[in-house]
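The values are calculated or read from the model by the stated rules, or taken from the named source; none is laboratory data. On a predicted model such as this, the values are computed, not experimentally measured, just so you know. So basically every Cβ, Gly included, is an ideal-geometry build from the backbone, and we count neighbours across all protein chains shown. Note: areas computed on protein heavy atoms with side chains; ligands, DNA, RNA excluded. Shrake-Rupley method; radii C 1.70, N 1.55, O 1.52, S 1.80 Å.
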Amino acid sequence: MWTLRAAVRRGLPLVRVACSFRAGFAPDPRDRRVRALSTFGGQSPDKGSSLTGSGGGAIAGRGRKEEDEEEDEAGEEEDEELLLKRELLLPQGAQRVFLLHPDVKWGAKKPTLTRGPWFLHKAELQVAEAKALVHTLRSWSVEETMIVSTKTPDKKLVFGKGNFELLTEKIRGSPQITSVFLNVERMSPLTKKELEAAWGVEVFDRFTIVLHIFRCNAMTKEAKLQIALAEIPLLRSNLRNEVAQLDQQGGGSRSMMGSGETLMQLRQRVLKEKEIKIKKALERLKKRRHLLRSQRRKRELPIISVMGYTNCGKTTLIKALTGDAAIQPRDQLFATLDITAHSGSLPSRMSVVYVDTIGFLSQLPHDLIESFSATLEDVAYSDIIIHVRDISHPETDLQKASVLSVLKNLNLPNQLLGSIIEVHNKVDLVERYEPTEPNAITISALLGHGLEKLKTEIESAVLKATGKKLLTLKIKLEGAQLSWLYKEATVQEVDVIPENGTANVKVIISNSAYGKYRKLFPI
């Protein structure tokens, strides 16, 4: 019992504690062999053979150090895997959802009417977005939707007495409904408990739905750790609710096994230790990202970040620009959660890197924004930004405002914000579309319309942002100048003059590369 308590106090998972119990009752024969060797002054076979002679101790020391470092790395990898283990957020299997949107008609939280071309009320658009979230989940469907007015969205039952009774009668009388999606950012545990007790089905909020979608779409370890970090506030909230229930039974405030800690304090500390470990793991991955950025910088590859509202067609556009058949866009919200880099070339044959980023969403839960802010920091190292808009969406103007708001909060350099190229995508879905923004470029990434004009605009912006020069250099064909230019610059055109064995070479070259060229091949 004392071993168990000590392990829990260090924050070890119970699986590993159980393993230590088994090891305690049945020692590994290898451990007995190691103890026997140490008794006679020998060395563990697992740590290298005992060495004699000049330098033997130093070699053995280096071997132990390298093995210890490998063990530390393996331990970190194991800890990261354990941090990613978590319970289900949503029930498995098919769900027939009653989508319920509280519409605040009065007070400070009353939404404003949007100014889009269709003049739809904001509530209807939020319901459409919530439907899209549900349809992203496998085997989930929206059975019915309802917009219900409320003056008390922050109260325990969300709705007033009359509307709440009508909703209870409606949901209780609809056996086909298996769950309710209450379209609010976050419910308190008490509200969730009360609503589920009244309606007889599980109730989910926007945070839980979006978090589950993030979990399903996260591919890399970094994205999974970021989601685990975003879950911490939810776990804390659930913990307070569970301990409050235990307090009612007289068990939540008692000390654990004579340690002086209550159950609440113990679990809070374990949760805090988990949060610290996740942040440390993310910091290690951040350093690796920094190394990759440095390598790109050394190669002087222009970096182009492609950003936009979720499902606006960012990935489809990158596939069209790069011709990368391995890129597989998906028509769903948050299909991309990991920042990915894809090489491409511009009309001048200049190589560039397109960076695909996470999509935005209005009313994206705050904790998720915070968790992914570190990933979005990579945008600050871009040379230009392409802002992709789904121009067929009825609330495209509001989506644009949401994206620009997040970009401004990232504290990006003014020069980078000024380099944004606005791209109006999906024009094939809007009859006779004409942009109101003077500098916007209209395209259909799916059909390939307008891509050549976009590539030309990207090239012009890259040259301006990076300070690369467009020069015509006269070289001698017998020397190494031409091969050097092909390696260090972008050669656009070679005009050979056979009479004197020279050529005029049109190149795009960076300032640093041009400086090296002049030193190596002085005029």
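Restricting to the stretch 134-143, and then to whatever is of a type in the set (A, V, I, L, M, F, W, C) and either under 22 Å from Lys170 (Cβ atoms) or more than 21 Å from the chain's Cα centre (by Cα) (or both), can you tell me which residue is modelled with the highest pLDDT?
First, the residues of the stretch 134-143 that are of a type in the set (A, V, I, L, M, F, W, C): 134, 137, 140, 142.
If we keep only those that are either under 22 Å from Lys170 (Cβ atoms) or more than 21 Å from the chain's Cα centre (by Cα) (or both) as well, we get 134, 140, 142.
On the way: Val134: 89, Trp140: 90, Val142: 93.
The extreme case among them is Val142.
Yes or no, residue by residue, for (1) open to solvent by 40 Å² or more (accessible area, probe 1.4 Å); (2) closer than 21 Å to Asp356 by Cβ; (3) not aliphatic (A, V, I, L, M):
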residue: Asp378; (1), (2), (3): no, yes, yes
residue: Ile391; (1), (2), (3): no, yes, no
residue: Asp397; (1), (2), (3): yes, no, yes
residue: Asn425; (1), (2), (3): no, yes, yes
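Give the residues of the stretch 491-523 that are in contact (Cβ under 8 Å) with a residue 60 or more places away in the chain and in contact with a Ser or Thr (Cβ under 9 Å, 6 or more places away or on another chain), sorted by residue number.
Those that are in contact (Cβ under 8 Å) with a residue 60 or more places away in the chain and in contact with a Ser or Thr (Cβ under 9 Å, 6 or more places away or on another chain): Gln492, Ile508, Ser510.
Among the numbered criteria (1) part of a strand (DSSP E or B); (2) modelled with pLDDT under 90; (3) open to solvent by 40 Å² or more (accessible area, probe 1.4 Å), which one does Met146 miss?
The single condition Met146 does not satisfy is (2).
Any residue that is under 19 Å from Ile304 (Cα atoms), free of Cβ contacts under 8 Å to residues at least 12 places away in the same chain and not charged (D, E, K, R) - is there at least one of those in the stretch 463-482?
No: zero hits.
Just one of the numbered conditions (1) modelled with pLDDT of 90 or more; (2) open to solvent by 30 Å² or more (accessible area, probe 1.4 Å); (3) in a helix (DSSP H, G or I); (4) out of contact with any Leu (no Cβ under 8 Å at 6 or more places or on another chain) is not true of Leu190; which one?
With respect to (1) modelled with pLDDT of 90 or more; (2) open to solvent by 30 Å² or more (accessible area, probe 1.4 Å); (3) in a helix (DSSP H, G or I); (4) out of contact with any Leu (no Cβ under 8 Å at 6 or more places or on another chain), Leu190 is out only on (1).
For every residue, the table says whether it meets (1) farther than 19 Å from Arg138 by Cβ; (2) without any contact (Cβ under 8 Å) to a residue 60 or more places away in the chain; (3) crowded, with 17+ Cβ neighbours inside 10 Å; (4) over 24 Å from the mean Cα position of the chain (by Cα).
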position	(1), (2), (3), (4)
Thr168	yes, yes, no, yes
Gly173	yes, yes, no, yes
Asn183	yes, no, yes, no
Leu195	yes, yes, yes, yes
Ala198	yes, yes, no, yes
Val203	yes, yes, yes, yes
Thr220	yes, no, no, no
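Confirm whether Lys131 is open to solvent by 30 Å² or more (accessible area, probe 1.4 Å), under 22 Å from Asn311 (Cα atoms) and in contact with a Leu (Cβ under 8 Å, 6 or more places away or on another chain).
Details: open to solvent by 30 Å² or more (accessible area, probe 1.4 Å): yes; under 22 Å from Asn311 (Cα atoms): yes; in contact with a Leu (Cβ under 8 Å, 6 or more places away or on another chain): yes.
Criteria met by Lys131.
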